[in-house]
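See structure below.
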Amino acid sequence: MVREIVVFPDKRLKLISKEVSTFDGGLHDLLDDMYDTMRARNGVGLAAIQIGVDVRALIINVPLSDASGESYGEEHSADDQPRENTLEMINPTIVEADGAEKFQEGCLSIPGVYEDVERAKHVKVEYFDRHGEKQSIEDDDFLAVAIQHEMDHLEGKVFIEKLSFLKRKKFEKEWARKIKEGRL
């Protein structure tokens with residue numbers, strides 16, 4: 001089921017999400033709804049809090065190729081990307097992070113805004129899958145950025161908080177104008 005996206009500056013985006021302790025049908029339904037919502041909005045990733053549920057769960061549409069165009073696997077267009085290319089992470093923890101690189105980011109909770117954000121270039125993350133099985137993943141490309149972006153949501157943070165003071169003030173002014181004009 002497609003759910004509504006929580007849009008900035010909604011206070012729920014500031015909540016620190018709670019650990020998941022039960023890996024049951026309710027969690028599976030939530031993950032399925034997150035997938036449907038992310039795909040309906042053409043998103044790359046989604047944290048549970050972005051649909052108003054404050055649990056430590058996120059999903060990411062795993063890219064099918066790296067930045068150089070090298071395929072990670074079978075070829076698919078963005079529209080027919082199979083469900084098995086969706087990474088579901090429950091209670092994720094970054095256990096390694098190094099390097100730094102800027103990437104342009106956007107967010108379903110801040111529609112139409114794209115900015116360069118500096119993140120760790122390489123991350124190793126431990127997490128649980130929907131069945132409660134411990135997993136880990138490492139990446140030093142777009143997936144690493146997407147994981148860090150979505151994990152920020154679990155800590156009550158949005159990517160604009162990583163902008164310089166001047167860029168953030170400019171964003172706040174433009175965003176307030178959009179809200180006043182009813183363009184959100």
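Residue by residue, here is whether (1) part of a loop (DSSP other than H, G, I, E, B); (2) touching a Ser or Thr at 6+ places or on another chain (Cβ under 8 Å) holds:
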residue	(1), (2)
V2	yes, yes
L13	no, yes
V20	yes, no
Y35	no, yes
Which of the residues belonging to segment 24-35 are surrounded by 14 or more Cβ atoms within 10 Å (Cβ to Cβ) and either free of Cβ contacts under 8 Å to residues at least 60 places away in the same chain or touching a His at 6+ places or on another chain (Cβ under 6 Å) (or both)? L30, D32, D33, M34, Y35
Every pair of residues 6+ apart whose Cβ atoms lie under 7 Å, when the first sits in segment 158-175 and is under 15 Å from G106 (Cα atoms) while the second is among the small types (G, A, S): V158/S109
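Just to be sure before I move on: is K121 within 21 Å of K102 (Cα to Cα) and more than 14 Å from the chain's Cα centre (by Cα) in the structure I sent? I'd like the intermediate steps shown before the answer.
Details: within 21 Å of K102 (Cα to Cα): yes; more than 14 Å from the chain's Cα centre (by Cα): yes.
Yes, satisfied.
Can R39 be described as surrounded by fewer than 19 Cβ atoms within 10 Å (Cβ to Cβ), in contact with an Asp or Glu (Cβ under 9 Å, 6 or more places away or on another chain) and not in a loop (DSSP other than H, G, I, E, B)? Talk me through it step by step, then tell me what you get.
Numbers: surrounded by fewer than 19 Cβ atoms within 10 Å (Cβ to Cβ): yes; in contact with an Asp or Glu (Cβ under 9 Å, 6 or more places away or on another chain): no; not in a loop (DSSP other than H, G, I, E, B): yes.
Criteria not met by R39.
To keep it simple, each residue is scored yes or no on (1) under 28 Å from T22 (Cβ atoms); (2) β-branched (V, I, T).
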site: E118; (1), (2): no, no
site: F128; (1), (2): yes, no
site: G132; (1), (2): yes, no
site: V145; (1), (2): no, yes
site: K157; (1), (2): yes, no
site: K170; (1), (2): no, no
Filter result (among the aliphatic types (A, V, I, L, M) and under 15 Å from I60 (Cα atoms)) within segment 125-162: V125, I137, L143, A144, V145, A146, I147, M151, L154
Expected single match for modelled with pLDDT under 95, charged (D, E, K, R) and out of contact with any helix residue (DSSP H, G or I) (no Cβ under 7 Å at 6 or more places or on another chain) among K178, K157 is K178
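The values are calculated or read from the model by the stated rules, or taken from the named source; none is laboratory data. Keep in mind that this is a model prediction, so the values were computed, not measured. Don't worry about glycine lacking a Cβ; one is built from the backbone with ideal geometry, like all the others, and counts go over all protein chains shown.
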